[in-house]
Amino acid sequence: MNRRDVTTDVLVIGAGAAGMYAAAEARRQGARVILLDKSMVGRGGATIMAQMTVAAAVGHAEDDSWQLHYADTLESGRGLNNEQLSALMCQDGPPRILESWERGVNWAQNGDKLDQVKAPGHSRKRCCYVGALQTGTGVVRGLKKELRRQEVESHDTTVVTDLIQDDQGAVVGAAALEVKEGVQVAFWAPSVILACGGLTELYARNSASVNMTGDAYALALGVQADLVDMEMVQFFPIANLAPRTIGLDPIMWDPFRYRLGGKLLNGEGEEFIERYAGVADEGTYTATRDVVTYGILKEVEEGRGSPAGGAWLDFTDLTREEIRDAFPAAYDRLLEQGIDVSERAVEVAPTAHYTIGGVRVDIDMRTNVPGLFAAGEAVGGQHGANRLSGNALTEAFVFGARAGEAAGGYAVKTVGGTPEPDATASAAMDEALATIAGVRGRNHDSDVFLPALRSRLKDIMWRNVGPFRDQDRLEVAREQIAEVREEFETRARVDQREAFNLEWQEWFELRGMLDVADLVRTAALARTDSRGAHQRDDFPQEDERLLANTVTRRTPEGSLDVRWEDVVTLDADPASWTPPPIDTDPRERTPR
Ligand SMILES: Cc1cc2nc3c(=O)[nH]c(=O)nc-3n(C[C@H](O)[C@H](O)[C@H](O)COP(=O)(O)OP(=O)(O)OC[C@H]3O[C@@H](n4cnc5c(N)ncnc54)[C@H](O)[C@@H]3O)c2cc1C
């Protein structure tokens, strides 16, 4: 076996905005830090793809306060927000944005103030941005400067496959495959931060990168960490459907609508959102994402979709000049591809965009497993049942900083450095690295290819665990996921090459995706009402008795256990980690 052992104080898994922020902050605590990514630092996940805005009540464009931001966030969350996490996100958003500005993120300015715009669901102009559709790249550039200043050690093309626990159950390291050279790496660290982003690559239609395979959740399951509201996957309503565009963000129609309005029409040319939102849209784009997603898919289902199976987005009431003035770069790139949006409407449709549920943490980003922290999209609870536009990057900054501070402090002050691994941890690491070694060349003469299995799984998820769900579809998904798993375990082909063997990495990704598909499906089956991003055709109403969070954990025997927990209110004791009793029949809960 080609093995390497590496020791540090804080190991950060995933180098998007959350991971980068966490790594820099942990260094400030005096900790040795390693930041690793299965792709390249700052390039692998959703952060670099985010083109629009970051919400923070800085109050530069109009009077604002974190309390107003918090109120908007709770309203959008439909009663499921972990109020402590939501408050933290809104309270710490402004200082993090101002700090990132000082550290090199080139936020758009209006004079000597930040320029801020209003995005759907926000009651104030509070969304900051970088240039025209350049927020993600601006954020990455700024945070990378800070990593260099803090001299953070980073490792690219390194995929973590398992977390390692000692005999007390504490996470003390992670097993990884370094793909470039085909090395199995044992990382030892008293603090490990999961910042691996979301799971949207589990869906056939998604807006994200191929790296977003839900690894944070699979790794958390492996060490019996709690996951909250995993049924909540956000589907972005107006992703580009037709005509096809090249080199443009599929969800760029969002900023077009903030700035220009535009009309969302069904196949019969009618504005239809009023039917679902209760109030007329009239080109103002005020309905939240869950409502618009639901509305478009219902129109399609009822035979009133656009030709390609979505809705029309129409800017033809505007002149070329008006559109070009607002978005010169995007407008010109569309024109080069023969698409003039002042002349013709485009077709849009929902796509999997963001993971609302996630690893359950407290306000210091600690999970229920000692030594394990989480940050960014990997975390759940703060958005309730629906995420407001712009709140995801805020959460990545705020939770990343918090996780870095807490994990750095835990490693340096509480544990006091990297202890020698005990026998339990050593054996677990040996086993995890042996599994990595054993996968290379597995079934190498088989004709069952990993990409084919992956796309089968993604289709199953889109059709059965997607924007619309019901018991039958969720049961079908159970059987079909099991069939894919069976083929994966017995026949999936892995190339024999040692260096740059992507199939070697993809095997671990698919193993995790299958676990996470089961996780989302199980939580979706448990929540028998429709709320925000989770829509059940067989339970179309919100049920007040289900104003609670689903919390899922893998049992030591390997099954998934879903329990109900009261939402965490602002006045709840943040240090309390005693799980309430398992509520087997949530319908008998006393309404609060
Ligand atoms: C197209 C698009 C546009 C968006 N626009 C906006 C916007 O305008 N405003 C907003 O607020 N939000 C937006 N979002 C959401 C937001 O970008 C993300 O929620 C946020 O960037 C997540 O940051 P993160 O650091 O948690 O994860 P990511 O940036 O996704 O980073 C996770 C990293 O973890 C790595 N990784 C995963 N698994 C492993 C593993 N096993 N081992 C090692 N590394 C691993 C990945 O390679 C990746 O680099 C957008 C999302 C998309 C997809």
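List of remarks:
- The range 157-294: radius of gyration and largest Cα-Cα distance (Dmax), Å: 21.1, 64
- Between residue 245 and residue 435, the FRET efficiency estimated from the beta carbon spacing at R0 = 51 angstrom works out to 0.80.
- Under a model in which nothing but the beta-carbon of Lys, Arg (+1) and Asp, Glu (-1) is charged, the chain shows a dipole of about 1100 debye around its Cα centre.
- Inter-part distance where the range 118-148 and the range 24-60 are each reduced to a Cα centre, Å: 12
- The chain: angle of helix 135-149 to the longest principal axis, Cα-based, in degrees nearest 10: 30
- Accessible surface of residue 43 - all protein chains present, 1.4 Å probe, nearest 10 Å²: 150
- Calculated P(r) of the chain - Cα pairs past 47 Å, %: 9
- Kirkwood hydrodynamic radius (C-alpha pairs) into Stokes-Einstein, the range 1-100, 25 °C and 0.890 mPa s, D in µm²/s: 153
- Ellipticity estimate at 222 nm from DSSP helix runs (n ≥ 4, -39,500 (n - 2.57)) divided over the chain, nearest 500: -11000 deg cm²/dmol
- Dividing the mean sequence gap of close Cα pairs (under 8 Å, 6+ apart) by how many residues the chain holds gives a relative contact order of 21 percent.
- Taking 226, 112, 5 and ordering them by how much accessible surface each has at a 1.4 Å probe, largest first, produces 112, 5, 226.
- Accessible area per residue, Å², the range 208-251 with all protein chains present, probe 1.4 Å: 23
- Principal-axis tilt of helix 450-464 within the chain, Cα atoms, nearest 10 degrees: 50
- Peptides ranked, highest mean first, by Cβ atoms within 10 Å: ranges 558-570, 379-391: 379-391, 558-570
- Computed from the Cβ-Cβ distance with R0 of 56 Å, the FRET efficiency linking residue 452 to residue 112 stands at 0.50.
- Centroid-to-centroid separation of the range 402-419 and the range 254-322 [C-alpha atoms, Å]: 49
- Near residue 164, the amide H atoms lying under 5 Å from its own belong to 172, 173, 174, 175; only residues 5 or more places off or on other chains count, and H is placed 1.01 Å from N.
- Over the range 254-383, the Kirkwood radius and the radius of gyration, each from Cα atoms, give a ratio Rg/Rh of 1.12.
- Cα Rg, Dmax, the range 31-164, angstrom units: 16.6, 51
- Crossing angle, helix 423-439 versus the chain [Cα axis fit, 0-90 degrees, rounded to tens]: 60
- Percent breakdown of C-alpha pair distances by 10 Å bin, ordered from the shortest bin, for the range 442-526: 18, 47, 24, 10, 1
- 3J(HN,Hα) from dihedral phi, the range 532-537, Karplus parametrisation 6.51/-1.76/1.60, rounded to Hz, x for glycine, proline: x, 6, 9, 10, 9, 5
- Neighbour net charge for residue 204 - beta-carbon separation under 13 angstrom, K R +1, D E -1: +3
- Debye intensity ratio I(q)/I(0), log10, the range 470-566, q values 0.19 Å⁻¹ (C-alpha model): -0.97
- √(5λ) per eigenvalue of the Cα gyration tensor, the range 371-463, largest first, Å: 33, 29, 9
- Once the 1.4 Å probe is applied to the protein heavy atoms, the range 360-416 comes out at 21 Å² accessible per residue.
- Under the combined filter of DSSP loop state and at most 15 neighbouring Cβ atoms within 10 Å, the range 99-137 retains none of its chymotrypsin sites (Phe, Trp or Tyr not before Pro).
- For the range 104-166, GluC sites (Glu not before Pro) are listed when DSSP marks them as loop and at most 12 other Cβ atoms sit within 10 Å of their Cβ; the list is 151.
- Charge context of residue 290, other residues only, Cβ under 10 angstrom, K/R +1, D/E -1: +4
- Spin-label proximity, residue 149 to the range 86-106 - amide N less than 15 Å from point 7 Å beyond Cα toward beta carbon: 96-106
- Looking at the chain alone, DSSP beta bridges between its own residues are antiparallel in about 65 percent of cases.
- With the alpha-carbon atoms of the range 216-282 aligned to their principal axes, the span from lowest to highest coordinate is 51, 36, 23 Å, starting with the largest.
- Computed over the range 138-232, the range of Cα coordinates on each principal axis works out to 39, 36, 27 Å, biggest value leading.
The values are calculated or read from the model by the stated rules, or taken from the named source; none is laboratory data. Nothing here was measured: the structure is a model prediction, and the numbers come from that model. No Cβ is skipped: glycine too gets one built from the backbone with ideal geometry, and neighbour counts run over all protein chains shown. Heads up: the accessible areas ignore ligands, DNA and RNA and are worked out on the full protein's heavy atoms, side chains in. Shrake-Rupley method; radii C 1.70, N 1.55, O 1.52, S 1.80 Å.
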